[in-house]
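Every number in this text was worked out from the coordinates using simple rules, so none of it is lab data. What you are looking at is a predicted structure, and each value in this text was computed from that prediction instead of being measured. Every residue, glycine as well, gets a Cβ built from its backbone with ideal geometry; the counts of neighbours run over all protein chains shown.
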Amino acid sequence: LNRLARARGATLFMVLEAAFATLLSRLGAGGDVAVGTAVAGRPRKELEGLAGFFVNTLALRNRIDLETTFEAHLDTTRQMVLDAYAHEAVPFELVVEAVAPARALSHAPVIQVMLVLQNTPDRDVGLAFGGTRAVALENAGAVAAKFELSLSLAETSEGISGHLTYARQVFDPATAERIAAMFTRVLEAVAVAPSTRLGDLPLLDAQET
């Protein structure tokens with residue numbers, strides 16, 4: 001996955017975000033998928049040494065065309081994420097006010113799905129496949145789920161590991177586990193064959209098809 005990122009001038013996060021948005025689209029989210037992520041919120045050097053809570057939320061808008069290849073989708077994702085980073089100082093609350101979405105107590109405004117790649121090392125070990133590494137996803141359950149889905153990942157010396165938190169009023173445990181497994185399979189596929197069309201990426205293993 002890191003090799004794919006370098007080949008396209010992207011980052012590992014961009015690859016993961018592109019794959020996650022693709023999966024959500026394939027699962028019924030449509031061609032316009034919003035994924036939230038957290039940033040440090042310290043874009044200016046004078047803020048770097050200050051103590052305090054500066055984390056901000058970015059809404060990443062993904063336009064998904066299932067006929068395009070993952071490589072092309074990653075190129076689009078790269079530019080979209082860079083554009084979002086350029087405006088990371090804008091408080092998420094102002095974005096919500098500007099968009100003015102219909103509010104509902106059952107879910108967060110603008111984004112219902114979060115993806116975070118942690119900078120701190122994680123001791124969990126990734127799953128090996130084909131000379132690369134997949135994601136070892138642990139189902140973290142429905143405890144205090146602020147979003148419908150929240151995927152937290154970390155890169156380790158052995159690969160990538162993470163956990164998926166879900167809102168129990170939206171997903172049951174079995175569905176959350178299937179989503180985690182499908183995300184792993186999408187990453188396996190794009191690492192081996194990034195020129196695959198988004199609509200052709202496998203979501204199920206051979207036993208499930």
Report task. Provide the per-residue ³J(HN,Hα) series for segment 162-179, in order, calculated from phi with Karplus coefficients 6.51, -1.76, 1.60 and θ = phi - 60°, each as a whole number of Hz, with x at glycine and proline positions. Result -> x, 9, 10, 9, 9, 7, 5, 6, 10, 10, 9, x, 5, 5, 4, 5, 5, 4
Report summary line: Placing each pseudo-label 7 Å from Cα in the direction of the beta carbon, ASN119 and LEU12 end up separated by a distance in nanometres of 1.4 nm
Query raised in the report: Once both labels are modelled 7 Å past Cα along the beta-carbon direction, what's the ASP172-HIS87 spacing in nm?
Result: 4.0 nm
Query raised in the report: How far is the Cα center of segment 153-202 from the Cα center of segment 1-44, in Å?
Result: 12 Å
